[in-house]
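Before any comments, here is the structure.
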Amino acid sequence: MRDSRSRGRRGAPGRSRGGGGGRYESPPRRGGSRYSPPPRRAGSRSPSRGRGGSRYSPPARRAGSRYSPRRRSPSRGGGRYSPRGGREKAKSRSRSPQPKKKARPGDQEYRIPPPKKKVDMFPLPAITDEQIDNSIEVDGFLYATIDFTSPHAQPPWHYLLPTHVDPRQTRTDLSVTEKKTLPRGWEVLTSANFTERIREQIMMKYSWGTHLLVLEGGQAHWTSMGENPGVMTTIWDFEKYGGWYALKPRYEESSRWHAKFLIRRKPGS
């Protein structure tokens with residue numbers, strides 16, 4: 001038999017605190033939960049097991065604080081944070097085709113004026129009297145050597161090598177291989193522009209103070225003082241850079257040959 005003075009469990013028979021003879025009832029609790037902690041202060045970091053559901057609640061931030069999250073303001077026509085592409089819509093509105101104005105009967109269509117005539121900042125120099133005197137005109141072009149030697153001048157030496165000279169110790173003279181500047185407005189004659197008229201009127205009739213006249217491709221033709229006037233005898237190698245030309249030296253028997261470049265220009269250009 002149980003002692004009536006002992007503390008009974010929930011639902012177990014025993015003496016109540018009120019002195020009645022009924023069942024024992026525990027005192028009512030707040031919130032209906034088994035255990036209700038005291039109210040937590042704002043800014044506390046103690047774990048919360050109440051109704052909030054979050055384990056940790058950070059302290060309340062002041063307005064304008066450094067760590068307060070930024071609030072996005074509503075866009076007013078293409079803002080950066082517009083949720084549905086307001087910027088794209090603003091661009092599309094700005095790129096919409098503008099309505100064309102109707103032309104009036106008295107209006108004239110504006111046209112862009114033609115560009116002005118281009119002015120040559122570096123005009124070609126005129127042909128001097130010395131160049132004309134030392135050139136021969138054939139088929140509308142003036143032909144001369146690159147140093148404007150007279151067409152009637154004689155070569156400085158004979159093209160044949162003396163018998164008493166050893167061919168293995170010979171080399172083209174420096175006066176032939178030195179650099180020569182091409183005058184502005186003139187061009188070295190190319191093989192494409194070479195004709196029979198040039199062979200007959202330029203090479204076979206005049207000596208030009210040399211044995212050979214060299215074209216742009218290196219073709220060397222005999223002059224009137226050569227072995228076979230007007231005939232190409234060899235391909236003479238040369239160098240050119242910018243506005244100057246220079247023949248490469250030759251050795252042995254051909255070292256006695258004297259050569260110059262043949263140039264041309266159209267009168268009045």
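On the basis of being touching a Phe, Trp or Tyr at 6+ places or on another chain (Cβ under 7 Å), modelled with pLDDT of 95 or more and not hydrophobic (A, V, I, L, M, F, W, C), does Ser135 make the cut? So Ser135 fits the description; yes. Every condition in (1) among the hydrophobic types (A, V, I, L, M, F, W, C); (2) surrounded by fewer than 15 Cβ atoms within 10 Å (Cβ to Cβ); (3) more than 50 Å from the chain's Cα centre (by Cα); (4) under 25 Å from Gln201 (Cβ atoms) is met by Ala126 except one, and the failing one is (3). The strands (runs of 3 or more DSSP E) found wholly in the range 123-237 and carrying at least 3 residues that are touching a residue at least 40 places away in the same chain (Cβ under 8 Å) occupy 136-138, 141-145, 212-214.
Against the condition under 30 Å from Arg168 (Cβ atoms) and in a helix (DSSP H, G or I), how does Ser254 come out, does it pass? It is true that Ser254 is under 30 Å from Arg168 (Cβ atoms) and in a helix (DSSP H, G or I). Against the definition (out of contact with any Gly (no Cβ under 6 Å at 6 or more places or on another chain), closer than 26 Å to Thr128 by Cβ and in contact (Cβ under 8 Å) with a residue 60 or more places away in the chain), how does Tyr251 come out, yes or no? No; evaluated as a whole, the condition is false for this residue. Taking the listed residues Leu189, Leu174, the one that is surrounded by 12 or more Cβ atoms within 10 Å (Cβ to Cβ), under 47 Å from the mean Cα position of the chain (by Cα) and under 20 Å from Lys248 (Cα atoms) is Leu189, with no other qualifying. Here is the figure for the range 155-171: residues that are surrounded by fewer than 12 Cβ atoms within 10 Å (Cβ to Cβ) and of a type in the set (S, T, N, Q) total 2. Of all residues in the range 204-219, count the ones that are more than 14 Å from Ser135 (Cβ to Cβ) and buried (at least 23 other Cβ atoms within 10 Å of the Cβ). The qualifying residues number 4.
The values are calculated or read from the model by the stated rules, or taken from the named source; none is laboratory data. Note that the coordinates shown come from a computational prediction; the quantities given were computed from them, not determined experimentally. Methodologically, a virtual Cβ is constructed for each residue, glycine included, from the backbone with ideal geometry; neighbour enumeration extends over all protein chains shown.
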